[in-house]
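The values are calculated or read from the model by the stated rules, or taken from the named source; none is laboratory data. Fair warning: this is a prediction, and the values are worked out from it, not measured in the lab. Here Cβ is always computed from backbone atoms with ideal geometry, including for glycine, and neighbour counts include all displayed protein chains.
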Amino acid sequence: MDNRVEKVMGMLNLSSHVERQVMMVHGMGGTGKTMLANVIFNRISSGFNGCCFLADVRESLSTGMEGVERLQKKLLKDTFGKSDGEIGGDGMNEIQRRLRNRKVLIVFDDVGESSQLKRLVGNFDFFGSGTRIIVVTRDRSVCEGLMRSSDIAHETEGMSDDHAPQLFGRHAFGGKESPDDFVDLSKRVIRKTGNLSLALGVIGGHLFQKEKRVWEVQWKSLSECLAKTC
């Protein structure tokens, strides 16, 4: 994670205060997109006039206008200190008025389609110099029409072959290396996950403290569980 964070922070060009910048973090499920955005958010948030992490945007907006208003209120409250009951009649206009030319850090996590961003804030052009906006999504086309040529996209991938066994061992063996009689089974599981961090954690946790015969018997159900996770 440290390597990924340093790479993305370098792409964000935090030393520049010339204009706002949007970064889209995209990739298939289980590659650690939200975790990456969360770590970066916590590390750099002190350098902004206001900051907000909007989690589970897609799920929140599935409730219609109620979800839209709830996220808009949170955005204003976290970035401007405006209380939940003071958003007014038009949340989008209120956000643009209050946050215009203000240097803020906002993460939109798990965005399903571009219309969700447009319903929340309209566009990104009104934000002030130095603003950084991170959009986390599985679909690269989500930010179509909202990004400038100077904005950036970062695709997350599975863990390296060195790090994947470490993460799996943390969940399956309490941080220890795979015992000799579990090495081959562990390699099969890790290979099946495609080095996806979420899948490694889920499967490793499921197998924690289980006997070898249980691993072998449950291999079929584990594969099905993994397919659902990914």
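Scanning the range 87-104 turns up one or more residues that are within 20 Å of the chain's Cα centre (by Cα) and surrounded by 17 or more Cβ atoms within 10 Å (Cβ to Cβ). Scanning the range 45-84 for residues that are aromatic (Phe, Trp, Tyr) and modelled with pLDDT of 90 or more turns up PHE48, PHE53. Being aliphatic (A, V, I, L, M), touching a strand residue (DSSP E or B) at 6+ places or on another chain (Cβ under 7 Å) and closer than 21 Å to HIS26 by Cβ is a description that does not apply to VAL121. The C-beta contact set for the range 127-151 (first residue closer than 12 Å to MET24 by Cβ, second residue crowded, with 17+ Cβ neighbours inside 10 Å and basic (Lys, Arg), distance under 7 angstrom, 6+ apart or interchain) comprises ILE133/ARG20; VAL136/LYS33.
Taking the listed residues GLY67, GLY30, the one that is touching a Leu at 6+ places or on another chain (Cβ under 6 Å) and over 25 Å from PHE126 (Cβ atoms) is GLY30, with no other qualifying.
Per the listing PHE108, PHE173, the residue uniquely of a type in the set (Phe, Trp, Tyr) and either in the same structural domain as LYS73 (by TED's automatic domain parsing) or within 20 Å of LEU76 (Cα to Cα) (or both) is PHE108. Being modelled with pLDDT of 80 or more, under 15 Å from the mean Cα position of the chain (by Cα) and in the same structural domain as SER114 (by TED's automatic domain parsing): is that true of ARG138 here? Yes; evaluated as a whole, the condition is true for this residue.
A residue that is buried (at least 19 other Cβ atoms within 10 Å of the Cβ), modelled with pLDDT of 90 or more and farther than 26 Å from HIS163 by Cβ can be found somewhere in the range 22-44. Going by the structure shown, is PHE124 in a loop (DSSP other than H, G, I, E, B) and in contact with a Leu (Cβ under 8 Å, 6 or more places away or on another chain)? Criteria met by PHE124.
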